[in-house]
Amino acid sequence: MSYIYDLDKITSFNNLVLIDTEIAKKAHKELFSFTDESYLDLDKESLLDNIERLFESLNNYSKLPTVNLHLVLNWLNLLKVSSWNSEVSSSDHLKVIFTSIDELGDDFNYENLDEAFQVFFKNRRFDILRKFCHLAKNQLDKKLNYKGINTFCHLYSLEIKRIIASSL
């Protein structure tokens, strides 16, 4: 699915929230009081393409005000953004991400991504989950080469349907 963005409408808000599911929207609304119009649902199948398309449009938009852009994602989509690779699997490109987080060490088992998330979540390693949010935020900042947009990344759990880590 390809999106055409109404930039006049989008930029009329001070806050823009990109979500991957309705669960993300509900989790975000628990913490932030944004209008429904502030939320933009991204197609999960072409998540990175849609983010790039939106960022390209924003970068070329002449009337762009200062905007706070929030990205609210589940674990696997967060890994896609962190690695900027839509084919998230237990492959070598993810080892680079996992080993860039010092606390994990080189011997961490990153082969089962869902299991890795459960280990972090159940062991309350929110410090590590926040580092993944920061990695995703850094990718967004690189892709969006515009100083007027503040980016934030939030991770929510499908299990408890709440935001559990953030780059804030």
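The values are calculated or read from the model by the stated rules, or taken from the named source; none is laboratory data. All values reported here derive from a predicted model rather than from experimental measurement. Here Cβ is always computed from backbone atoms with ideal geometry, including for glycine, and neighbour counts include all displayed protein chains.
Observations on the model:
- Residue selected from the range 127-156 under the condition at pLDDT below 90 and aromatic (Phe, Trp, Tyr), by the criterion nearest to LYS80 (Cα to Cα): PHE132
- Of everything in the range 142-167 that is out of contact with any helix residue (DSSP H, G or I) (no Cβ under 7 Å at 6 or more places or on another chain) and without any contact (Cβ under 8 Å) to a residue 40 or more places away in the chain, the residue that is farthest from ASN15 (Cα to Cα) is GLU159.
- Checklist (1) at pLDDT below 90; (2) loosely packed, with under 15 Cβ neighbours inside 10 Å applied to GLU159, failing item: (1)
- Within the range 98-118, the set of residues being at pLDDT below 70 and surrounded by 11 or more Cβ atoms within 10 Å (Cβ to Cβ) comprises PHE98, THR99, SER100, ILE101, LEU104, PHE108, ASN109, TYR110, GLU111.
- Some residue of the range 119-126 being in contact with an Asp or Glu (Cβ under 9 Å, 6 or more places away or on another chain), at pLDDT 75 or above, within 21 Å of LEU48 (Cβ to Cβ) and of a type outside the set (Phe, Trp, Tyr): no
- Within the range 31-55, residues that are crowded, with 18+ Cβ neighbours inside 10 Å and at pLDDT 85 or above sit with their Cβ atoms under 6 Å from residues that are part of a loop (DSSP other than H, G, I, E, B) and among the acidic types (Asp, Glu), at 6+ positions apart or across chains, in these pairs: LEU42/ASP20; ASN50/ASP43.
- Evaluation of SER12 against (1) surrounded by 15 or more Cβ atoms within 10 Å (Cβ to Cβ); (2) at pLDDT below 80 (one fails), failing number: (1)
- Failed item in (1) crowded, with 20+ Cβ neighbours inside 10 Å; (2) within 19 Å of ALA165 (Cα to Cα), with LEU58 passing the rest: (2)
- Within the range 66-97, the set of residues being at pLDDT below 65 and not β-branched (Val, Ile, Thr) comprises SER90, SER91, ASP92, HIS93, LEU94, LYS95.
- Those residues of the range 133-159 which are of a type in the set (A, V, I, L, M) and assigned to a loop (DSSP other than H, G, I, E, B), in sequence order: LEU144, LEU158
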